[in-house]
Amino acid sequence: MSTAKILVVEDEEPLGVLLQYNLEAEGYQVEVVPRGDEAEIRLQENVPDLLVLDWMLPGVSGIELCRRLRVRPETERLPVIMLTARGEESDRVRGLATGADDYLVKPFSTPEFLARVRALLRRAKPEILSSVLTVGDIVLDRDAHRVYRGRKELKLGPTEYRLLEYLMQNPGRVFSRGQLLDNVWGETIYIDERTVDVHIGRLRKAINSGRGPDVIRTIRGAGYAIREG
Ligand code: CA
């Protein structure tokens with residue numbers, strides 16, 4: 001099971017559609033944008049787990065976008081797979097030097113593409129693909145769909161479970177209410193941001209009741225995070 005979010009930046013529409021279809025079939029959450037400048041704005045709002053980036057794009061080129069991402073703290077370690085129609089060795093070296101983690105020359109096969117995505121996620125974000133997440137004394141077992149603190153099983157509602165799973169995938173990272181709505185509830189639904197506070201409250205109650213320190217941090221004016229370790 002995988003809930004990784006992948007942003008695909010590709011201006012060739014049929015290829016964008018194909019990549020989205022195949023990635024979604026693997027269980028990833030996928031968004032496709034056709035322009036480099038649009039992708040840059042999108043990445044300032046929300047950072048995905050992996051970026052598939054075409055080299056030649058309208059607006060801002062893939063290579064320039066990748067360079068800019070590497071100087072921002074929020075995206076300096078974002079896993080990036082670069083796509084290109086060119087196969088020259090010098091370009092390949094330049095792509096990797098600009099900070100892409102991997103590189104695929106078009107045309108490539110779907111199995112090859114999916115294998116590269118999986119390999120990069122496993123390398124860069126092992127917690128996304130692992131079936132058991134652990135933060136401090138909290139253990140979330142995705143296969144069994146159960147959560148424990150210490151040895152005691154916690155009873156969580158479905159939304160609290162997804163919220164905890166998401167926070168545990170990114171320990172220490174602070175998420176705004178809007179980002180949590182996007183990533184836990186999904187972007188198609190309109191929900192008031194205060195809903196996040198309600199569910200964080202329920203989650204806190206379920207996790208904390210008499211079982212040690214509060215593991216969820218509230219960062220005033222910024223949002224929520226789960227404490228690392
Ligand atoms: Ca292109």
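Rule-of-thumb check for the range 118-176: C-alpha Rg over 2.2 N^0.38 Å? The partial results should precede the final answer.
Details: Rg = 11.9 Å, N = 59, 2.2 N^0.38 = 10.4 Å.
Working it through for the range 118-176, the quotient is 1.14.
Take the chain, mark every one of the trypsin sites (Lys or Arg not before Pro) that falls in a DSSP loop and has at most 11 other Cβ within 10 Å, then report the longest stretch left between them, sites excluded. List each step's numbers first, then the result.
Numbers: sites that count: 151, 155, 220.
That would be 1-150.
Calculate, in nm to one decimal, what residue 143 and residue 64 gain on full extension: separation in residues at 0.36 nm each, minus their alpha carbon distance. Intermediate results must be reported in sequence, preceding the final value.
Working: separation 79, 0.36 × 79 = 28.44 nm, distance 4.01 nm.
Once the chain is fully extended between residue 143 and residue 64, it gains 24.4 nm.
What is the Rg over Rh value, at two decimals, for the range 99-229, using alpha-carbon atoms and the Kirkwood definition of Rh? Mind showing how you got there, number by number?
On the way: Rg = 17.0 Å, Rh = 16.3 Å.
Answer for the range 99-229: 1.04.
Counting Lys and Arg as +1 and Asp and Glu as -1, each charge on the Cβ, what is the dipole of the chain about the Cα centre in debye, to the nearest 20?
Numbers: 34 positive and 36 negative charges, 275 e Å.
Dipole magnitude for the chain comes out near 1320 debye.
All other residues with a Cβ under 10 Å from the Cβ of residue 44 taken together, and with Lys, Arg as +1 and Asp, Glu as -1, what is their net charge?
Numbers: positive: 42, 72; negative: 40, 45, 74.
Cβ neighbours under 10 Å give a net charge of -1.
If each residue of separation counts as 0.36 nm, what is the full-extension length gain between residue 218 and residue 74 once their alpha-carbon separation is subtracted? Don't skip to the answer; put the middle values down first.
Working: separation 144, 0.36 × 144 = 51.84 nm, distance 1.93 nm.
This chain segment gains 49.9 nm when fully extended.
Calculate the tail of P(r) for the range 20-89: the fraction of all Cα-Cα distances greater than 17 Å, expressed in %. Could the numbers behind the result be given before it?
Numbers: 1030 of 2415 pairs.
Looking at the range 20-89, the distances longer than 17 Å represent 43 percent of pairs.
Please list, in order, the residues from the range 118-138 whose amide nitrogen is less than 18 Å from a point placed 7 Å along the Cα→Cβ vector of residue 209.
Hits in the range 118-138 for residue 209 at 18 Å: 138.
With bins 5 Å wide starting at 0, give me the P(r) of the range 5-128 over every alpha carbon pair, in whole percents.
Spelled out per bin, shortest first, that is 2, 11, 24, 27, 22, 11, 2.
Convert 4 °C to kelvin, take the viscosity as 1.567 mPa s, use the Kirkwood radius over C-alpha pairs of the chain as Rh, and evaluate the Stokes-Einstein diffusion coefficient in µm²/s, rounded to a whole number. Provide the component values of the computation, followed by the final result.
Values: Rh = 18.8 Å.
So the translational diffusion coefficient is about 69 µm²/s.
Which length gain, in nm to one decimal place, applies between residue 115 and residue 38 when the Cα-Cα distance is subtracted from 0.36 nm times their residue separation?
Details: separation 77, 0.36 × 77 = 27.72 nm, distance 2.70 nm.
Here the answer is 25.0 nm.
Once the Cα atoms of the range 148-214 are picked out, what are the Rg and Dmax in Å?
12.3, 37
Roughly how many nanometres apart are two label points built 7 Å out from the Cα toward the Cβ at residue 202 and residue 85?
5.0
Have a look at 174, 206, 185 and report the one farthest towards the positive end of the charge dipole of the range 93-229, computed about the Cα centre with Cβ charges (Lys/Arg +1, Asp/Glu -1).
206
Computed from the coordinates by the stated procedures, all read-outs in this text should not be read as laboratory data. Note that this is a predicted model, so its numbers are computed, not measured. Backbone-built Cβ (ideal geometry, glycine too); neighbour counts: all protein chains shown.
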